[in-house]
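**Student:** My questions all concern the structure below.
Every read-out reported here was derived from the displayed coordinates using simple, explicitly stated rules and does not represent laboratory data. Because the structure is predicted, anything quoted here is derived from the model rather than measured. In this analysis, Cβ positions are derived from the backbone assuming ideal geometry, glycine residues included, and neighbour counts consider all displayed protein chains.
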């Protein structure tokens, strides 16, 4: 049996001693095995997976550190083919670092082990700017609020973002839709009322880290919209408005159609967003490329509460 086959068999049995011997160059022991050339079975899928990715997904820090000290490529990718939709989030050509962050976000948001795994990968040379097939880097994933949204999970998020930026993650890296990480934070945020204050404070910490690292808050995506425009579609504008305040940007910044965030909020009839934008200094008088003001759009859509707010603002 050749060295890599022996290595695979040893790891499946959990025999790290024999695996270490096979991975160590010893003339009397035969040809040295290579951890990067074998794949191990994953319990819930038929396809085998790179050992490092397997242990990252399982949140086994000790095994990850063992693999890295025995020659595992810290930038190894999940090269399995997508199976069911439940598996799809794992596949997408994740690097080990992306896998560590995604596992934390979706499965184990209270588990600091993922921070330890990310730190071990970076220390071993993992590149934080490598992306998956959708253009997501580890930073794109790390800025998202984890599933639980708890105080502990939000604190871990700050640790991960700080760790990645400290490893020179690009704060302006675009995904496939040309959305940078800061855009992701603002545009896909979900504020939970029971943790609103802590949630916003945690978001501000992450925003400050990104801006200090050189994030450009005015960046537009492939649809010509800024994070403030896109945030109109979320439940709360507080994070996006904090970004605009911290970056000293005008809330009237238009998209490619000449529409400000106020245009979008008025047209959608989200009166609390209209009120928040007006309070932040948004102008109700601006016309878009079609010559329409936010009030025109609110009236044409019969958005009564928005019409009242905008008329009152224009009179003041």
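**Student:** Between residue 111 and residue 47, what length in nm is gained on full extension when 0.36 nm per residue of separation is reduced by their alpha carbon distance?
**Tutor:** Working: separation 64, 0.36 × 64 = 23.04 nm, distance 2.67 nm.
Extending this stretch completely gives an extra 20.4 nm.
**Student:** Beyond 21 Å, what share of the Cα-Cα pairs of region 252-316 is found? Please give it as a whole percent. Numbers along the way, then the final one.
**Tutor:** Working: 172 of 2080 pairs.
Everything past 21 Å amounts to 8 percent.
**Student:** Could you check the simple spin-label distance between residue 290 and residue 17, using points 7 Å along Cα→Cβ, in nm with one decimal?
**Tutor:** 7.5
**Student:** GNM on the chain, C-alpha springs below 10 Å: top fluctuator among 303, 13, 32?
**Tutor:** Residue with maximal mean-square fluctuation among 303, 13, 32: 13.
**Student:** Moving on to the next point. Could you state the angle between the C-alpha long axis of helix 196-212 and the longest principal axis of the C-alpha atoms of the chain, as a value from 0 to 90 degrees rounded to the nearest 10?
**Tutor:** 80
**Student:** Related question: At 222 nm, what helix-only mean residue ellipticity would the chain give, in deg cm²/dmol to the nearest 500, using -39500 (n - 2.57) for each DSSP H run of four or more?
**Tutor:** Numbers: 17 runs with 156 residues, N = 316.
Using -39500 (n - 2.57) per qualifying helix, the result is -14000 deg cm²/dmol.
**Student:** What distance in nm lies between label points placed 7 Å from Cα along the C-beta direction at residue 32 and residue 219?
**Tutor:** 3.9
**Student:** Follow-up. Take the chain, drop everything but the C-alpha atoms, weight them equally and run the Debye formula without solvent; then report log10 I(q)/I(0) at 0.12 Å⁻¹ to two decimals.
**Tutor:** These q points yield log10 I(q)/I(0) values of -0.83.
**Student:** Compute the distribution of all C-alpha to C-alpha distances in region 195-244, in bins of 5 Å from 0, and list the percent of pairs in each, rounded to whole numbers.
**Tutor:** Taking all Cα pairs of region 195-244, the binned fractions are 5, 20, 27, 25, 17, 6, 1 percent.
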